[in-house]
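As structure tokens, the structure follows; a few thoughts come after it.
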Amino acid sequence: MPVTGFPSFPYFQYLENCNSLGAGRPVRWRFYPGMLFGNLEKWWPDAGPRPTAHEGLDICYYTDALGEDLQFDPGVQVPVMTAGTVLALCDDFLGRSVFLAHGQDQEPLISVYAHIRPLAAVGPGFVASAGEVIGTVADTAGRRNRMPAHLHLTIMKIPAGLPAASLDWTFICRSDMVTLFDPLTMLFCPSYRILS
């Protein structure tokens, strides 16, 4: 169910289109519980509890139109959910995170694309249109926790005028100025299933 006051963004369609995932046919997205917003468990082989509830949605598994179960490879293109302006970039434990502001409200809607390799042109002030590619999924090969390559997407509101330098994962996880939203309530995903 969409969050009141916000449109339902066709993000999964953008992902499918820019990566030709379904060869013109819709794919079915697959999520483990630990990939979902607010979950306290890890979903990758290094199992156990997370230090904090999951701040967004992890995306990497899908079933194509022929019924084949697939997952992202490093280099999968990462589009934005709607038009916006890059506020900040920061390093994260698998790559980099890009923060985009959408709209000019007192508390702008922010989308965060984590564990990616941003394109060279993407930096503070860069203006992206809806569905525009801003980077690629980072390569996680060789990580001790054997985490698969994936995109983490967070959607949140923050106070207007907050210094861009304060935008990082410590701020997201610990600040009472952040209002987090469940991405699946704001992103139109016509077909998905939760795996056990």
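The order of L40, L89, L162, going from fewest to most other C-beta atoms within 10 Å of their C-beta, is L40, L162, L89. Take every Cα pair under 8 Å whose residues are at least 6 apart in sequence, average their separation, divide by the length of the chain, and the relative contact order is 28 percent. Extension gain, D69 to S196, is 44.2 nm, computed as 0.36 nm per intervening residue step minus the present C-alpha separation. Which of T140, C189, F171 sits farthest toward the positive end of the charge dipole of the stretch 11-194, with +1 on the Cβ of Lys and Arg and -1 on the Cβ of Asp and Glu? Positive-most Cα among the choices belongs to T140.
Here's the picture: charge each Lys and Arg Cβ at +1 and each Asp and Glu Cβ at -1 in the chain, and of Q13, L180, L151 the one pushed furthest to the positive end of that dipole is L151. Residues F99, F9, arranged from fewest to most other Cβ atoms within 10 angstrom of their Cβ, appear as F9, F99.
Between Y32 and E107, the modelled label-to-label distance comes to 3.3 nm, taking each label 7 Å out from Cα in the direction of the beta carbon. Counted over the stretch 11-194, the DSSP beta bridges are approximately 95% antiparallel.
Relative to the Cα centre, what is the charge dipole magnitude of the chain, using +1 at the beta carbon of each Lys and Arg, -1 at the beta carbon of each Asp and Glu, and rounding to the nearest 20 debye? Around 240 debye, computed over the chain.
Which one of A121, H54, S111 is farthest out on the positive end of the charge dipole of the chain, using unit charges on Cβ (Lys, Arg +1; Asp, Glu -1) and the Cα centre as origin? Ranked along the dipole, the leading option is H54.
Compute the Rg/Rh shape ratio of the chain: radius of gyration over Kirkwood radius, all on alpha-carbon atoms. Rg divided by Rh gives 0.93. In the stretch 33-143, the C-alpha radius of gyration followed by the widest Cα-Cα span (Dmax) gives 15.2, 46 angstrom.
None of the figures in this text is laboratory data; all of them are computed from the coordinates on show. Here the structure is a predicted model, which means the values were calculated and not measured. FYI the Cβ positions are ideal-geometry reconstructions off the backbone, even for glycines, and counts take in every protein chain you see.
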